[in-house]
Every structure is written in C-alpha cells, then in structure tokens.
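Heads up, the thing below is written out as structure tokens.
What follows is calculated from the coordinates using simple rules that are stated; it is not laboratory data. These numbers were taken from a predicted model, which means no experiment stands behind them. Positions of Cβ are generated from backbone atoms using ideal geometry, with glycine treated the same way; all protein chains shown enter the neighbour counts.
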Amino acid sequence: MKNYLNVTRHTNVITKMARQQQDVDELFEIKNYFYIGNYQQCINEAQKLKKPSTPEVATQRDIFTYRSYMAQNKFLVVLDEIHGASPIEIQPLKLLADYLSGKNNKEAVVAQVDQQVATNANNDTLILVAATIYVNEGNLEGAYKVLHASECLEAHAFIIDILLKLDRVDLAKKKLKEMQDKDDDATLTQLAQAWINIQTGGDKLQDAYYIYQELVDKYGSTPLLLNGQAVTFIGQAKYEEAEAALQEAIDKDANYPDTLVNFITLQRHMGKGPEIANRYLSQLKDANPEHPYIKDLRQKESEFQRITQQYSPSVTSIPA
C-alpha cells in the first residue's frame, strides 16, 4: 500500500506539472504582450484562444484581456462585463476599473479593497489590484505588505518596483534573485533586471539598454520598451538617441504618459526653450490628470505658493 501511495502521489505531481506547463504554453503570448505593453496584441491573442484547455486557463485569459482594456483606458468594457457570477479571480478587476475610471468615490473603492484583502488573501488578482490602488494612493507600505501574500512572479516584480521607488536597490536585488530562481528567462524577470540596472546607473545603463533591445528584437517595439531605452540614453547623456526613441514611442501612442514625462525631462536636459516641454505637460494633464508626475507637480506648486504667501512683505498703510 505504501508503494502504491508513493506512485500515485508521484503521478499526481507529474500530472500537475504537465498541466501547468500546458497552461503556460497556452497563455505565454497573451501574458508576454501584456508585460511588454502591447495591449491590443494581448487582446488579439486572447481572442484567438477560443477553446482553452481548462477553466483556469480561460479565467487567466479573461483577466489579461480586461487588464489590457484598462491599460487602454477602456474601463466601460470591464464595468459592463464583470458581474457577481464572474469567476472570483476576475471580480477584483471591476474594483480597479471603478477606481481608475473615477466614476465613483475613490475612498469608497479603497475601503472595499481593504475589506476584501483582509478576508481573501489567496486571490492573486485581488492582491495585484490592491497594490495598484495603494500605490496610486501613495500608500507604498500598504502595497508592499499585501504583495507579500502572493508568490506569483508579477507580485515579485511589483515589489521590486516599489523598493526602487524607496531607493532600496539592495532589497530589490534580493527579490530579483528570487525571480531568477523561479524563471530566469521570463520577460518580467528581464524587465526587473533592467529596472535595477537603471537605478544603479553607470555601466549598468548600457546593460539595461541591451535587455530592452533584446525584447524589441524578439517581440517588436512598444512604448513601454522604447521608454525604457530612452531612460538609459538620458542617463548616458545620449540625448539624440533618447529623442529618437521617444519620437517612435509617441508615434505609436501619442498619449502614453511615460513618453510625455520623459519628453519633458529630455527637453530640459537638451536646454531647449520651455514651449515644447510645456506643450507635453499640457498634453499629460489632459490625457492623465492623476498621473504621479502631475500630482507631484501640483503639490510642489501648492507648497511654493504657501511659502511665497508666508514670506511676502506685508503692505502697511501710509498715513496721509
């Protein structure tokens, strides 16, 4: 009986691994296009997968489809299609669409997310949605904590992004090692390595460029990859190359926020007049008024006005 149980257990493990490998193969293109920022192609590939091998694969396909629509600011598709009967793994995406669309009170959405995270920490989609909302709220600590409940590769990459925002390159490198142990060749792992290289600077900027270029060669250029290259160029004072990369990015998507932010930065590095930079700034305010760059700018302007009013000389009346 003992030998039989061992054989059965071994067979079950092999079957599970084979199923996971099949799932990966079915979803590879869909996930990969999402991670490199080619959202329309992600949707196209998802639509081609008409007969998924398992319900789990179908759910994952739909998750990346809805996330791609949201990345294109098409929130109504998500709000209309996700309902109470949708798979539990998909339902958190409606909260994210609700939050990002600004149709309802954001504080109410955050409260819902807090409640769901407290009672359902095993839903990777909920974890990623919660972390995204917390980061948008400026709550990096909350995002960092909730992401540790997930072992998925995307949660690891998200943690690295947060650590780099906090300038903790040392901890980011440790988390990258975990990603490399899980899947060294994964696109997310390669991107995380590029982010760390950019933050490290120096010779690592060129290494980051090569990572982005390899992904471009494999899967085609996207605004996300082109902006990554542009940042490496700016860091190396290769401003003409950066301008070319950003121009290609803006040709693909005129309202891609990172392109506009990096163009603003580049114009200042190149010493050009403020007119072009201000034009990109106006475009960013119009396309994405809640972008962190705009929020930070508003905060600095408000602080400047407060200080100016505080220290401005008072005008006293002069007696006649």
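Key figures for this structure:
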item	result
Exposure proxy order (Cβ contacts within 10 Å, fewest to most) of Ser282, Ser101, Ser68	Ser282, Ser101, Ser68
Degrees, to the nearest 10: 153-165 long Cα axis against longest axis of the chain	20
Selected from Asn122, Asn105, Asn288 as most flexible by GNM, with the chain as the system and alpha-carbon contacts under 10 Å	Asn105
Cα-based helix-to-principal-axis angle, 292-311 vs the chain, degrees rounded to 10	30
Choice from Leu224, Leu153, Leu166 with maximal GNM fluctuation in the chain (Cα, 10 Å cutoff)	Leu166
Formal net charge of residues neighbouring Val117 (Cβ-Cβ distance under 13 Å; K, R +1; D, E -1)	-1
Contour minus Cα-Cα distance for Ala111 and Lys165 (0.36 nm per residue)	17.0 nm
Magnitude of the charge dipole, the chain, Cβ model with Lys/Arg +1 and Asp/Glu -1, debye to 20	480
Proxy reagent accessibility, fewest Cβ within 10 Å first, across Cys152, Cys42	Cys152, Cys42
Most fluctuating residue given options Met70, Met179, Met270, as computed from a GNM of the chain linking Cα atoms under 10 Å	Met270
Per-residue [θ]222 nm for the chain (sum of -39500 (n - 2.57) over DSSP H runs n ≥ 4, rounded to 500)	-25000 deg cm²/dmol
Residues Tyr210 and Lys50, FRET efficiency given R0 of 35 Å [Cβ-Cβ distance, rounded to 0.05]	0.40
Cα-based reach from Lys238 at 19 Å (exclusive), listing lysines while leaving out same-chain residues under 8 positions away	Lys204, Lys272
Residue exposure sequence - Ile250, Ile160, Ile307, Ile133 - by fewest surrounding Cβ within 10 Å	Ile307, Ile250, Ile133, Ile160
Principal-axis tilt of helix 204-219 within the chain, Cα atoms, nearest 10 degrees	60
Mean Cα-pair separation over length for the chain, i.e. relative contact order, pairs under 8 Å, 6 or more apart, %	8
